[in-house]
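Okay, structure first, notes after.
The values are calculated or read from the model by the stated rules, or taken from the named source; none is laboratory data. What you are looking at is a predicted structure, and each value in this text was computed from that prediction instead of being measured. Cβ: placed from backbone, ideal geometry, glycine included. Neighbour counts: every protein chain shown. The accessibility values were calculated without ligands, DNA or RNA, using every heavy atom of the protein model including side chains. Shrake-Rupley method; radii C 1.70, N 1.55, O 1.52, S 1.80 Å.
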Amino acid sequence: METITRRQFLRRVACTSCTLALAELSLPLSSPAGKGGTADPKGPDSPPAEARYYRRLPNLEVECQLCPRRCRVADLERGFCGVRENRGGTYYTLVHSRPAALNIDPIEKKPFFHFLPSTLTFSLATAGCNIHCKFCQNWELSQVRPEQISSFYLPPAAAATEAQRQSCASIAYTYSEPVVFFEYMVDTARAARKKGLRNVVVTNAFIDPEPLRELCRQVDAIKVDLKAFTDKFYREVCNGELKPVLQSLQLLQKHGIWYEIVYLVVPTLNDQEEPIRKMCLWIKRELAPDVPLHFTRFQPMYLLKNLPPTPIESLERARQIALAEGLRFVYLGNVPGHEGENTYCPRCRKTLIRRLGYTVRENNVRKGTCRFCGERIPGVWG
Amino acid sequence: MKGGEEQGKINLRLPKSQGKRRAKATGRPLDFALPLSYAASVATKSRVIMVRSNRILNRGGEVDEEALQAVVDLALPRLVDAPSPAAAWGFLFTSRQTVGVKVNCIGGRLLSPSPRWVPVLVRGLKQAGLEEERIIFWDRSSRELREAGFPICQEGAGVRCFGTDASGAGYGPEPMQNGSYAGLVSRILTHLTSAQIDLCLLKDHNLSGLSGALKNLYGAIHNPNKYHDHHCDPYLADLYGLPSFRQKFRLFICEAVRVQYHGGPGFKPRWVEDYCSILFSLDPVALDYVSWQLLDRIRRAHGLPTLEEEGRPPTYILTAGDAAHRLGRCSWSEIELMELSA
């Protein structure tokens, strides 16, 4: 009997899922080319797409201007994300049209609780990420280079066509970090809109203001992973920075695009009451009390296997703090069956949307209002 | 034996930062894998041999195999106090080992270790009793090896040469962690070989300052792009602190024949110096420390500021040698530099 590691098992399952999904989707692709991938009709050596946000420097160097990291990249080198490469002074994205993960998910899985509930979303992701979280749940996708993982050739128009054919209401750019496949995301979003589909993004919001503004023009909703409310956590646990993420949230609020916030509660690292309280006050003051805030449960993963899963009490305490500080839509995630999964009307307190995991059991929102008292419920409902 | 010994000729000066970051002499043994007898004989110093050869580049600008052989035959016995090259190879490696030779080929044909190293090192390792099939030249990808002129061979008779991306190689299943570093490590290092030679190139690097023996190790991991902040400090030190690296790498060779002294890591012909030297050591920290001084000297000779003056000192070298890491030696008082001519 063959013995395989957990990682090998997951990889096989992922490859099989992707292959099956593609077979089911009947994508107009040629036969898989090694490792479960699918051949690029332009050929494996076809030139990659040029990146959009960068500037040329002397001596063939470039400076990436996509995210606050501002990588200075020498010829033949890559940026921190591992998916952008300097070739002779021109910066390229190596993942345009090269998703490494494709799935059809309920929108609640992202999670979006105030955006087209009960609909399906066509989820895609490429390799790469511009930060490095020690608790990453998708590290085998986000923390690898594109050549280290199986991928498919799926250009924007084909992605949009298949999303529509699968009766998905939207395309979700998710799993890894969509910022690093910005060009592919924006091109696909344009193609999807032409077909009447929506676009949603699941991101760390570690992105420069200019590309974020362009993104806001092309997509319909953004879910931001706010990893913590201390710069120390961002630097030590995520190799990122807090300030640019907060600035991104302010930009989203100013732009008016629909967005929700997720806060993964990691025991001992970001579960202290005071920073959570400060975060809630900041959200209320700088953003809006109507912004949905999801406290989700951590599971031991990647480089933080030494920590236990988040106690339910910690999540409940965080939720109580947020509600007490005046946030109106506060949820718990990764706790199926908990009352914190439901949406309650902030006026009449009745249950508006009853959920169990990723499924909606009952929906009492009618044309964006509470069916019982008529209170307007913020979100995108149709 | 050809050539003569000119110890201390280079007379390299300490960088300003060295005083701040110098390793403390605690008396604790260094944490790297010297052969025991050698370690005892040089307990207080790490030896670095630098051999200069005016014949190393032929008229076509290629590394000359015969001259290279002469350099190796001159250096290795001095490095380990052995009576002959064969004895030196036998001192470093055994016939039961499978030896990897990690090269750094990202710079392509114009800025990678010469493929002429293959026959030279194979001859040497065979003197230690190894069969050719137990010698693997490797880097992160077969394509980069091929483009640098290394003939790819994964099976059949003869020496092996392939990248981590080759079938049957790949990266380990779980991340390895040490201090600030966490990532997957090439199975060529962890599973397919029992000893290693680090065959690097001396070159300038826009982020790390210097690319040498320690920096070459980034080609053995899956996520080097995550570890270039702060001049790769302390990431490179923590990476080399992983047992798989520290215990297997036994010999470090730095090709400084054509030195990219500025504008690296890519090839920029206007900043290349034909330095015609090769450095050898059993201590990668000492080797990189000497390389740092060498690179600064070449830069000064060309009117360029030192790496520190330019704001990118390779402080990871000092970190690797500090009291917390003790992976090698990084001060002149602890390094025995021997300059030879072949």
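Per residue of A:133-143, how many C-beta atoms from partner chains lie within 10 Å of its own C-beta, taken as a mean? List each step's numbers first, then the result.
Numbers: counts 0, 3, 0, 0, 0, 0, 5, 2, 0, 0, 8.
Averaged over the peptide's residues, the number is 2.
Report, in whole Å, the centroid distance computed from the Cα atoms of segment B:128-180 and segment B:270-284.
Centre-to-centre distance over Cα atoms comes out at 24 Å.
Taking beta carbons within 10 Å but only from partner chains, what does the mean come to for residues A:75-81?
On the way: counts 8, 9, 10, 3, 2, 6, 2.
Per residue, the number of nearby Cβ atoms from other chains is 6 on average.
How do A:207, B:152 rank by accessible surface area computed with a 1.4 Å probe, from largest to smallest? Before the final figure, lay out each step's value.
On the way: A:207 10, B:152 65 Å².
Listed by decreasing accessible area, they come as B:152, A:207.
Please go through the residue pairs A:195/A:284; A:110/A:284; B:45/B:226; A:109/A:350; A:254/A:367 and name each one whose alpha carbons sit more than 30 Å apart in this structure.
Values: A:195/A:284 36 Å; A:110/A:284 23 Å; B:45/B:226 33 Å; A:109/A:350 23 Å; A:254/A:367 24 Å.
In this structure, A:195/A:284; B:45/B:226 exceed 30 Å between Cα atoms.
Can you give the net charge of the other residues whose Cβ lies under 12 Å from the Cβ of residue A:262, counting K and R as +1 and D and E as -1? Write out the running numbers ahead of the final one.
Numbers: positive: A:109, A:110, A:223, A:227, A:297; negative: A:225, A:260.
Local net charge: +3.
With r defined as the distance between the Cβ atoms of residue B:44 and residue B:66 and R0 fixed at 35 Å, what FRET efficiency is calculated, to the nearest 0.05?
Between residue B:44 and residue B:66 the formula returns 0.45.
With viscosity set to 0.890 mPa s and temperature to 25 °C, compute the Stokes-Einstein D of segment B:56-205, Rh being the Kirkwood radius across alpha carbon pairs; µm²/s, no decimals. Let's see the in-between values first.
On the way: Rh = 16.3 Å.
My calculation gives 151 µm²/s for D.
For a Förster distance of 25 Å, can you work out the FRET efficiency between the beta-carbons of residue A:285 and residue A:217, rounded to the nearest 0.05?
Working: r = 27 Å, r/R0 = 1.07.
It comes out at approximately 0.40.
Grab the beta carbon distance between residue A:253 and residue B:174, set R0 = 51 Å, and tell me the FRET efficiency rounded to 0.05. Kindly include the intermediate steps, with their values, before the conclusion.
Details: r = 41 Å, r/R0 = 0.80.
Taking R0 as 51 Å, the efficiency between residue A:253 and residue B:174 is 0.80.
Equivalent ellipsoid semi-axes for segment A:199-298, as square roots of 5 times the alpha carbon gyration tensor eigenvalues: give them largest first, rounded to whole Å.
Values: eigenvalues 97, 42, 30 Å².
Sorted largest first and rounded, they come to 22, 14, 12 Å.
What whole-number distance in Å separates the alpha-carbon centres of segment A:226-276 and segment A:85-159?
Comparing the Cα centres of segment A:226-276 and segment A:85-159, I get a distance of 21 Å.
After finding the eigenvalues of the alpha carbon gyration tensor for the protein assembly as shown, what semi-axes result from the square roots of 5 times each, listed largest first in whole Å? It would help to have the intermediate numbers written out before the result.
Details: eigenvalues 557, 140, 104 Å².
Taking √(5λ) for each Cα gyration eigenvalue gives 53, 26, 23 Å.
In angstroms, what radius of gyration and Dmax does segment A:101-370 have, counting Cα atoms only?
In Å, with Rg to one decimal and Dmax whole: 17.8, 54.
Convex hull volume of the Cα atoms in segment B:134-179, per residue, in Å³? Mind showing how you got there, number by number?
Details: hull volume 4.6 nm³, N = 46.
Dividing the Cα hull volume of segment B:134-179 by its residues yields 101 Å³.
Which of rounded, prolate or oblate describes segment A:316-382 when judged by the alpha-carbon gyration tensor and an a/c cut-off of 1.5?
Working: a/c = 2.08, a/b = 1.23, b/c = 1.69.
Judged from the Cα gyration tensor, segment A:316-382 comes out oblate (a/c at least 1.5, b/c at or above a/b).
Could you tell me what a quarter of the Cα convex hull surface of segment A:247-301 works out to, in nm² with one decimal place?
Values: hull surface 17.4 nm².
Taking the Cα atoms of segment A:247-301, their convex hull projects to 4.3 nm² on average.
Using C-alpha positions alone, give me the convex hull volume of segment B:195-342 per residue in cubic angstrom.
Values: hull volume 16.4 nm³, N = 148.
Measuring per residue, one finds 111 Å³ for the Cα hull of segment B:195-342.
In debye to the nearest 20, how big a dipole does the protein assembly as shown give about its Cα centre with +1 on each Lys and Arg Cβ and -1 on each Asp and Glu Cβ?
Dipole about the Cα centre, nearest 20: 1580 debye.
When ranked by the protection proxy of mean other Cβ atoms within 10 Å per residue, highest first, what sequence do the peptides A:245-254, A:183-192 form? The partial results should precede the final answer.
Details: A:245-254: 18.5, A:183-192: 23.0.
The peptides rank, most packed first, as A:183-192, A:245-254.
Taking the DSSP beta bridges in segment A:101-370 as the whole, what percent of them are antiparallel, to the nearest 5? Mind showing how you got there, number by number?
Working: 14 of 40 bridges.
Counting only bridges with both partners in segment A:101-370, antiparallel ones make up about 35 percent.
Out of B:201, B:76, B:242, any idea which swings most in a Gaussian network model of chain B, alpha carbons joined below 10 Å?
Its mean-square fluctuation being the largest, the pick is B:242.
For the protein assembly as shown, what is the accessible area per residue in Å², given a 1.4 Å probe and the full set of protein chains? The partial results should precede the final answer.
Details: 27920 Å² over 724 residues.
In whole numbers, the protein assembly as shown has 39 Å² accessible per residue.
Which order do the peptides A:70-83, A:214-227, B:86-99, A:168-181 take when ranked by the mean count of other beta-carbon atoms within 10 Å per residue, highest first? List each step's numbers first, then the result.
Working: A:70-83: 23.1, A:214-227: 21.0, B:86-99: 18.8, A:168-181: 26.7.
Peptide ranking by packing, descending: A:168-181, A:70-83, A:214-227, B:86-99.
Find how many whole Å separate the alpha carbon centroid of segment B:213-227 from the alpha carbon centroid of segment A:330-354.
Value for the Cα centre distance between the two parts: 47 Å.
If a/c stays under 1.5 just call it rounded; otherwise compare a/b with b/c (prolate if a/b is bigger, oblate if not). Do that for segment A:129-240, with a ≥ b ≥ c from the square roots of the Cα gyration tensor eigenvalues.
On the way: a/c = 2.30, a/b = 1.56, b/c = 1.47.
Since a/c reaches 1.5 and a/b is larger than b/c, the shape of segment A:129-240 is classed as prolate.
In square angstrom and rounded to 100, what buried accessible area do you get between chains A and B, total over both, with the probe at 1.4 Å? Present the calculation step by step, with values, prior to reporting the outcome.
Values: alone 16720 and 13400 Å², together 27920 Å².
Interface area, both chains combined: 2200 Å², rounded to the nearest 100.
Using the Cα centre of chain A as origin and beta-carbon charges of +1 (Lys, Arg) and -1 (Asp, Glu), tell me which of A:308, A:58, A:291 is placed farthest towards the positive end of the dipole.
It is A:291, whose Cα lies furthest towards the positive end.
What residue among A:93, A:203, A:351 shows peak mean-square fluctuation when chain A is described by a Gaussian network model with Cα springs under 10 Å?
Judging by the Gaussian network model, the answer is A:351.
When a/c is below 1.5 the answer is rounded, else prolate if a/b is larger than b/c, else oblate, so apply that to chain B with a ≥ b ≥ c taken from the square roots of the Cα gyration tensor eigenvalues. All intermediate terms of the calculation are to be shown ahead of the outcome.
Values: a/c = 1.19, a/b = 1.10, b/c = 1.08.
Rounded, because the longest to shortest axis ratio a/c is under 1.5.
Once you average over the residues of A:83-93, how many Cβ atoms of partner chains fall within 10 Å of each Cβ?
1
Would you tally the net charge around residue A:364, using a Cβ to Cβ cut-off of less than 10 Å, leaving residue A:364 out, and scoring K and R as +1, D and E as -1? Working shown, then result.
Values: positive: A:350, A:354, A:366, A:371; negative: A:362.
Taking every Cβ under 10 Å from that of residue A:364, the sum is +3.
What is the distance, in nm, between label points placed 7 Å from the Cα along the Cα-to-Cβ direction at residue A:367 and at residue B:59?
Taking the two extended label points, one gets 9.2 nm.
When the expected Rg is taken as 2.2 N^0.38 Å, what fraction or multiple of it is the alpha-carbon Rg of segment B:37-123? Please report the intermediate quantities before stating the final value.
Working: Rg = 14.8 Å, N = 87, 2.2 N^0.38 = 12.0 Å.
The reported ratio for this selection is 1.23.
Tell me, what % of the accessible area of the protein assembly as shown is carbon and sulfur with a 1.4 angstrom probe? Before the final figure, lay out the partial values.
Details: 13930 of 27920 Å².
For the protein assembly as shown, the apolar C and S fraction of the accessible surface comes to 50 percent.
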